[in-house]
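Before any comments, here is the structure.
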Amino acid sequence: AFDLVTLASRVHGELFSRGIGGMESAVITGASPLADAQPGHITLIDHEKYLPRLQSSQAAACVTKQGYPDVGIPQIVVPNPHDAFAKICQIFRPHVVVKAATGIHARAEGAPTAKALRESVKTAMKRK
């Protein structure tokens, strides 16, 4: 979880809210598209036509290009809300690095036809 001040700082945004006290300490627990926003989540608003849906959503905050005074939740205002929201999503869902397994497992077994092929290749290589 992160407070709004931290998230705004990470995306070089400004907090905007009209008459909402304590917005700096609001805790954000996730990032979701508007349709999936849960309590504690931050969402993206990239056009004012989505404001009615935002008002009826459970989102705790939003990332937007301009501050909307009539919106009842805190907003992080940035020049490019899509980039900022993507960065916030990465904060909550960091990339997982999976190392590929290399080599052959000690208990690996090959099919009988594969063993026969291996032997015939070895034999062919010896003839050269």
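The shape of the stretch 1-78 comes out rounded: with a ≥ b ≥ c from the C-alpha gyration tensor, a/c is under 1.5.
Using Cβ point charges alone (K and R +1, D and E -1), the dipole size of the stretch 44-87 about the Cα centre works out to roughly 60 debye. The amide H of residue 31, built 1.01 Å from its N in the peptide plane, has 42 as neighbours under 5 Å, considering only residues 5 or more places off or on other chains. Close amide-amide hydrogen proximity is noted between residue 63 and 43, 44, 45, 76, each under 5 Å apart and 5 or more residues distant or on a separate chain (H modeled in the peptide plane; Pro and chain starts excluded). Here the label points at residue 6 and residue 66, each 7 Å from Cα along the C-beta direction, are separated by 3.2 nm in the simple model. Per the 1.4 Å probe, what fraction of the accessible area of the stretch 28-92, in percent, lies on carbon and sulfur atoms? C and S atoms contribute 50 percent here. The 3J(HN,Hα) values that the Karplus relation (6.51, -1.76, 1.60; θ = phi - 60°) gives for the stretch 36-47 are, in residue order, 10, 4, 10, x, x, 8, 9, 10, 10, 10, 10, 7 Hz. Gly and Pro appear as x.
The values are calculated or read from the model by the stated rules, or taken from the named source; none is laboratory data. Nothing here was measured: the structure is a model prediction, and the numbers come from that model. Cβ: placed from backbone, ideal geometry, glycine included. Neighbour counts: every protein chain shown. SASA here: full protein model, heavy atoms, side chains in, ligands and nucleic acids out. Shrake-Rupley method; radii C 1.70, N 1.55, O 1.52, S 1.80 Å.
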